[in-house]
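To start, the structure itself, in structure tokens.
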Amino acid sequence: MRLLIAGGGGFRVPLIYRALVSGPFAGLVTELVLHDVDPARLQAVTAVLQSMPGSQSARLPVHATTDLAAALTGTGMVFAAIRPGGTAGRVADETVAQDLGLLGQETTGAGGISYALRTIPRMLDLARLMREHCPDAWLINFTNPAGMVTEALLPVLGQRAIGICDSAGGLVQRAAGAAGVPLPVGRLDGVRYYGLNHLGWLYRLESGGRDVLPHLLADAGALQSFEEGRLFPQPFLAALGLLPNEYLYYYYRHEFARQAMRAMAQTRGESIHNQQQELYPRLAAAGPGAYLLWEEARRSREEGYLAEARCDGERRNEEDLAGGGYERVALAAMRALAGGGETQLILNTRNALFPLGAPEPRAHTPAGADPGPSQPAVPGLPADAVVEVPCTVTPAGAVPLPQQIPAGAQLGLLQRVKEVERLTVRAATYGDRSAALAAFARHPLVDSADLAARLLAGYEQAFPDLGKMWEGSER
């Protein structure tokens with residue numbers, strides 16, 4: 001199989017390559033194509049791959065190109081991990097919000113809306129080119145905000161667009177380990193999880209048919225053994241009765257997170273931007289030492305993840321620093337889609353599926369309309385919306401597994417954030433500025449029409465192309 005990585009100059013690409021040349025995914029791909037708009041980044045990443053330890057006989061042919069149409073031709077699988085505006089864009093996503101006294105985070109809140117507004121049009125371009133040059137290929141989307149981006153792609157690619165994130169799956173693995181529950185590889189039979197990307201909850205974890213999650217939530221020592229358990233006070237988790245995704249820290253401990261971020265010498269985006277500005281030229285010139293240089297930078301970057309939520313001197317667990325999240329999920333999905341055996345993964349996919357070969361519904365089915373024959377996996381959310389839930393993956397696609405209806409507080413938050421996501425998708429897809437304003441204003445971490453107007457003006461100043469999207473729409 002020929003695999004294309006769109007955003008092939010990305011920092012995490014060596015993790016995918018490493019998994020493709022060793023371990024259970026070796027031999028799955030016969031050719032790897034890296035596409036990026038920046039040839040210097042392609043040169044740096046290629047240097048890392050060429051210097052990676054391992055037998056030369058296990059090497060996978062790699063081709064790097066800036067020609068997207070040529071890269072897509074003959075491709076059976078596309079991984080998308082693009083970042084329009086680069087890491088400098090991430091800095092603006094965070095600082096425009098933070099300068100207004102709001103949470104400055106890449107995918108959550110105002111920064112996530114900004115990121116989606118400039119990313120969705122580029123991803124739609126990719127999807128349309130896929131329809132032209134490799135119509136039977138699958139798109140596995142890493143590009144953040146993964147849920148919003150995947151939802152925007154459904155009218156073009158339908159069920160052939162699947163979003164991934166390692167956050168939910170990592171939560172399940174860590175919780176199961178802390179509870180002493182063995183999880184068979186590729187099975188999630190005793191796992192119940194519902195939500196949106198970066199906004200979900202583990203609500204049941206079975207062992208021998210018995211739910212052990214309440215016992216885990218009551219065990220302060222066990223909770224302290226893994227990252228999500230340390231993010232929230234044990235009495236809070238016990239009362240909640242659910243184990244939240246780590247990104248819910250920004251909702252449940254919003255003021256603490258906001259103040260901690262403002263007290264930091266630089267935002268997470270600034271740290272990564274400064275690191276990569278210095279690192280990439282060094283990688284390209286490092287020769288045989290490129291891989292070790294990259295690995296050192298990767299571990300440093302992982303150590304800084306969610307630093308605002310950790311106490312002084314607290315370090316991430318070694319298994320979290322080791323990496324191997326995103327690529328394991330993506331490659332497991334790819335193997336199942338390619339006929340390598342059914343698997344179960346937590347993925348971003350449409351809440352209710354339509355029969356393969358049936359006409360795709362138009363984007364954002366109106367309330368009250370019947371969008372298709374299957375029942376939503378997450379009751380209370382639109383059938384044509386993208387949700388993040390356990391799925392069974394086969395060559396036919398990712399089938400979401402039914403979950404129970406979320407409790408009132410959780411459902412209310414999911415419904416409101418999904419409304420924001422759909423407004424953002426509409427704004428980015430159709431150049432609708434009023435929808436963008438409404439998305440900012442409706443987000444629970446903004447919740448202000450005045451702040452929404454100031455946010456959008458700030459992002460339009462930071463990203464001049466954003467203002468061009470609204471040509472013809474009411475400003």
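What follows is calculated from the coordinates using simple rules that are stated; it is not laboratory data. This one's a predicted model, so the numbers in the text were calculated from it and none came from an experiment. With ideal geometry, Cβ positions are generated from the backbone for all residues, glycine too; neighbour counts draw on all protein chains shown.
Summary of values
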| read-out | value |
| --- | --- |
| Computed helical MRE - 222 nm, the chain, DSSP H runs ≥ 4 contributing -39500 (n - 2.57), nearest 500 | -14500 deg cm²/dmol |
| Nitroxide proxy distance, nm - points 7 Å out along Cα→Cβ at ARG210 and GLU342 | 2.9 nm |
| Separation in nanometres of the label points that stand 7 Å from Cα toward Cβ, at GLU295 and ALA239 | 4.6 nm |
| For ALA64, residues with placed amide H under 5 Å, excluding near neighbours | LEU34 |
| In Hz, Karplus ³J(HN,Hα) per residue of the stretch 224-239 (6.51, -1.76, 1.60; θ = phi - 60°; x = Gly, Pro) | 6, 7, 9, 4, 4, x, 7, 6, 10, x, 4, x, 5, 5, 4, 5 |
| Extent along principal axes [Cα atoms of the stretch 72-212; Å; largest to smallest] | 48, 47, 22 |
| Percent of Cα-Cα distances greater than 11 Å, calculated over the stretch 173-215 | 65 percent |
| Neighbour count of at most 16 Cβ within 10 Å plus DSSP loop: longest GluC sites (Glu not before Pro)-free window in the chain | 1-313 |
| DSSP bridge orientation in the chain - percent antiparallel, rounded to nearest 5 | 55 percent |
| For the stretch 401-409, 3J(HN,Hα) per residue [Karplus equation, 6.51 cos²θ - 1.76 cosθ + 1.60, θ = phi - 60°, Hz, x = Gly/Pro] | 8, x, 10, 6, 5, x, 5, x, 5 |
| Residue order, fewest to most beta carbons within 10 Å, for HIS273, HIS215 | HIS215, HIS273 |
| Paramagnetic reach from GLN259 in the stretch 83-117 [backbone N under 18 Å; point 7 Å along Cα→Cβ] | 98-104 |
| Mean shadow area of the chain, taken as a quarter of the surface of its Cα convex hull (nm²) | 21.5 nm² |
| Cα lying deepest toward the dipole's positive end in the stretch 258-309, options ALA297, PRO281, MET261, charges on Cβ | MET261 |
| Computed over the stretch 403-475, Cα set: Rg, Dmax in Å | 13.9, 44 |
| Where only alpha carbons of the stretch 152-266 are counted, the Rg and the Dmax (Å) | 16.0, 48 |
| Sorted largest first, extent of the stretch 1-153 alpha carbons per principal axis (Å) | 54, 35, 29 |
| DSSP beta bridges in the stretch 137-247 [antiparallel fraction, %, rounded to 5] | 75 percent |
